[in-house]
Amino acid sequence: MTEGTTLLRLARIDYAAPGIHLFDFRHPQGEALPPYAPGAHVDLHLQGDLVRQYSLVDPAGVDAVYRVGIKRDPRSRGGSAAAHERLRVGDLLPVSAPRNHFPLDEAAPHSVFIAGGIGITPVACMVQRLLALGRGFTLHYAVRTRAEAALLDRLGAEGVHLHVDDEAGGRWLDVAAAVAAVPDGAAAYCCGPAPMLDAFEAAARARPSLCWQVERFAPTAEAASAGGFVVRLAASGRCVPVGPGQTILEALRGAGLSVRASCRQGICGTCETGVVAGTPDHRDALLSDDEKRSNKVMMICCSGSLTPELVLDL
């Protein structure tokens, strides 16, 4: 067992679309699982030190299950390959409690979602919650072929716009136009491949009053590893030098400190740490622009320091 995880049993595997399976995890003794809000994800400890983050597909409810959707990526770094090729019903896996860095604003008068491919997984959870609440939404869901459109049975019909590249002459969804059409006061969300997210962010930043969020499955920048600064721990006053080629996480662990982390890429939020003094060099794909400017928290697995000393709430 790994700290912060619960041993869950893989109870079911369902086909969702070509290359996409749904994996259901339950407590071996049928106990309730920690609740979560739409947009949350869990860490699956697949084998050895291989840990991957996957979004929860369905809202939390009476059915005590964590259901995740995993696409078999031919360029897999090990995670999706391990899930599709090695996991079997009945297997026991350490699974983290849910974390949420992509929360749904249930009070928004209208919600607009833009999802591409497997990026539909957290969005499907959000849409189901809004359907249960009777709240209005618009979903732009882009796939390459119609067969790849997973989870359509969970999305309802009204407000869902399916864009199929192959049926549009190979043209991608016009993300900029979709963002420009978001009504004033609505909340906007995007999850999908990097080009879609980049287009969404560019269009969203052109509307300063727009409330928007993105969920990324891959890092947006190289980890800061230049070193040359000191991390001071606020609780003890101890100083830990961060040398060339090291991240803050590596330096702290090398000094014998137990610090929680998972993805080591700045996309999961496990290592989020409070900043007491100093200026971080933010490299994560989680914090908003405002959160980064505030310098109140940072992801120590990938971010560094722009000042000679960084005081952390550790």
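Structure data summary
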| read-out | value |
| --- | --- |
| Breaking point among (1) outside the structural domain of Ser305 (by TED's automatic domain parsing); (2) small (Gly, Ala, Ser); (3) loosely packed, with under 14 Cβ neighbours inside 10 Å, for Ala235 | (1) |
| Check on Gly90, in contact with a strand residue (DSSP E or B) (Cβ under 7 Å, 6 or more places away or on another chain), assigned to a strand (DSSP E or B), over 26 Å from Gly185 (Cα atoms) and small (Gly, Ala, Ser) | no |
| Matching residues, the range 26-44, being assigned to a strand (DSSP E or B) and either among the acidic types (Asp, Glu) or crowded, with 23+ Cβ neighbours inside 10 Å (or both) | His41, Val42, Asp43, Leu44 |
| Matching residues, the range 85-113, being in contact with a helix residue (DSSP H, G or I) (Cβ under 8 Å, 6 or more places away or on another chain) and either among the acidic types (Asp, Glu) or within 30 Å of Gln47 (Cβ to Cβ) (or both) | Phe102, Glu106 |
| So Ala223, is it modelled with pLDDT under 95, part of a loop (DSSP other than H, G, I, E, B) and surrounded by 15 or more Cβ atoms within 10 Å (Cβ to Cβ) | yes |
| Members of the range 246-263 that are more than 25 Å from the chain's Cα centre (by Cα) and more than 14 Å from Gly228 (Cα to Cα) | Gly254, Ala255, Gly256, Leu257 |
| Filtered residue count, the range 143-174, keeping only those that are farther than 21 Å from Ile70 by Cα and either in a loop (DSSP other than H, G, I, E, B) or hydrophobic (A, V, I, L, M, F, W, C) (or both) | 12 |
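Rundown of residues vs (1) within 26 Å of Ala204 (Cβ to Cβ); (2) surrounded by 15 or more Cβ atoms within 10 Å (Cβ to Cβ); (3) assigned by TED's automatic domain parsing to the domain that holds Ala234; (4) in contact with a helix residue (DSSP H, G or I) (Cβ under 8 Å, 6 or more places away or on another chain), yes/no style:
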position: Cys263; (1), (2), (3), (4): yes, yes, yes, no
position: Gly269; (1), (2), (3), (4): yes, yes, yes, no
position: His282; (1), (2), (3), (4): yes, yes, yes, yes
position: Leu287; (1), (2), (3), (4): yes, yes, yes, no
position: Lys296; (1), (2), (3), (4): yes, no, yes, no
position: Ile300; (1), (2), (3), (4): no, yes, yes, yes
position: Ser303; (1), (2), (3), (4): yes, yes, yes, yes
position: Pro308; (1), (2), (3), (4): no, no, yes, no
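The values are calculated or read from the model by the stated rules, or taken from the named source; none is laboratory data. Just so we're clear, the structure is a prediction, and the values are computed from it rather than from any experiment. As a convention, Cβ positions derive from the backbone with ideal geometry for all residues, glycine included, and neighbour counts pool all protein chains shown.
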